[in-house]
Every structure is written in structure tokens, then in C-alpha cells.
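Here, each number is a calculation from the coordinates, and none is a lab measurement. A quick note: this is a predicted structure, and the numbers were derived from the prediction, not measured. Don't worry about glycine lacking a Cβ; one is built from the backbone with ideal geometry, like all the others, and counts go over all protein chains shown.
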Amino acid sequence: MTAGFNQLISVHPDELKFQFEVDKQSYCDLKVVNNTEHYVAFKVKTTSPKKYFVRPNTGVVQPWDSCIIRVTLQAQREYPPDMQCKDKFLLQSTIVAPNTDVDDLPRDTFNKESGRALEECKLQVIYLSPAAAQGNLDDEPLKSSVRSPTHSPDGNSNQAVQRLKEERDVAVRQTQQLQQELVSAVVILLLAMLLPDLYRGLTVYNRLYTFSLTPLFCLSTDMLRRRRYRKGDPGFSFAFAVFVGLIGLMVGFLVNLLSSSPAT
């Protein structure tokens, strides 16, 4: 059989395409699919075994399973005429016993004289220049978009806009939370810096207030007591009271002035 599909296995792709460049290796992957409920053994042969490196070249595929075969084109010293290639590959397959391992395969497994039912799949080799290979890669998205229009552009754009709105809302909430945390941190830092100075200022104020008023209060009280207990003394005069009040105002002004000045 020459097609890439038969009763036992299917091979994708059905051609081996290599991007050919001088002094450079190139490879092509083949996917082998077991289409049966049996264990299927395969073997890959080529008309130019020195040019190609095949791994694995022999294997066993479990029922309804698949495997990948990598075919590597060795580096060539010159371009082929007209980029034409006459090399061919042959993939043979046959049913084997259940749970058979590749090391357990008999030597005549893929020999037609053994009497086994063999299926064969022939694969052609195509060389592509770098420019042609790039063109094929560029055409693949267009082909896939034409073959499978799964979603409409409007639906995709609406989903994208909705997703962007949700991301924006999340970013705004995170920014607001960070701003609140920053303000709280600044307030706490300022309080921590100002509390020691405020405490020292209050302490100095209390000391100055106590130091300045206590002697004055004691002096005025003593003078009043002396004048009161003098014989025939009718009491202190109005001028004396005004004098004491002025002294108190001056002392209070000095205390306020000292407390308002910055602490050093």
C-alpha cells in the first residue's frame, strides 16, 4: 500500500519533508497510530540508509496507542540537482502476540517468506529550501483559520474586553489598599517620631511651671500672713494686690515663651 493509512496503522504525515541546507541536519517526525485492538510491530526501511538516521526504526505499538518516529537527514555537502530527491521509505507492520516487547521480536518478523501478514506503507521524500519552508510555515495559520472557524471575532473581543475590565478593577482595588496602608504607616511613623519630643516638652514645661510659681506663691502667702497678724493692721492695700498680679502675669508670659520655644 502506498497511502499513509491502512488497516493496521496510520502514518501522519504521508510524506517526509526536510528543510534542506548544506552542512546542516534536518529532521521530520512521523506519528504511527495503531488502529486495532492488537499489538502491532513496525519496522522502517529506506533506500538510502547512510543518509538518514531513524529512531526508533523498530517498535511495538499497543492497541489504540501511538508513537513518534524521528527521521533525521544527515548533513549534506551539496544541494541535489533541482532540489529533487529520489529516496523512499517503507514502513512495514504486522500483528504480534499480546505484551510482546521489541526485544522479543523474531528476526524473521518482517520477512515475507515467514508467512506473516505484512502491511506496507511507502513514503516519499521531499526537500524544501529555507525560503519554501518559511512560506509553508506562514501559510499554516491561514489554512487553520479557514478550515476551523471555531469562534467569532466579536465573541473573542467581548471576552477580551471583559477580562481587561476585571484586571483593571483588581488593580484599582490593590492600589487603594496600598495607599491606605501607606497612610497608616506614615501616621504611625510620625507619632513614633513626635511622641518623645512631646513628652520631653511637657516635662520641661511642668518643671518650669513648678519652679517659677512655687516660690512666688510661698512669698505672697508669707507676706499676707505677716501683714494679717500684725496688731492694728487693717489688711494689705489694693496697690499691693495689683503688684502681685502683675508679677504673676509676667511669670506666666515667660513660662509660655519658654514652652513655645523648640527644645534643643
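Pairs are defined by a Cβ separation below 8 Å, a sequence spacing of at least 6 or placement on different chains, a first member in region 169-191 that is of a type in the set (V, I, T), and a second member that is in a helix (DSSP H, G or I) and surrounded by 10 or more Cβ atoms within 10 Å (Cβ to Cβ); no pair meets this definition. Checking each residue in region 59-75 for being crowded, with 16+ Cβ neighbours inside 10 Å and within 18 Å of T100 (Cβ to Cβ) picks out G59, V60, V61, C67.
Within region 16-54, which residues are in contact with a Cys (Cβ under 8 Å, 6 or more places away or on another chain) and either surrounded by 16 or more Cβ atoms within 10 Å (Cβ to Cβ) or free of Cβ contacts under 8 Å to residues at least 24 places away in the same chain (or both)?
Let us first name the residues in region 16-54 that are in contact with a Cys (Cβ under 8 Å, 6 or more places away or on another chain), namely 16-18, 31-32.
Of everything in region 16-54, those that are in contact with a Cys (Cβ under 8 Å, 6 or more places away or on another chain) and either surrounded by 16 or more Cβ atoms within 10 Å (Cβ to Cβ) or free of Cβ contacts under 8 Å to residues at least 24 places away in the same chain (or both) turn out to be L16, K17, F18, V32.
When we screen T94, T100 for residues that are part of a loop (DSSP other than H, G, I, E, B), touching a residue at least 40 places away in the same chain (Cβ under 8 Å) and over 40 Å from the mean Cα position of the chain (by Cα), the only hit is T100.
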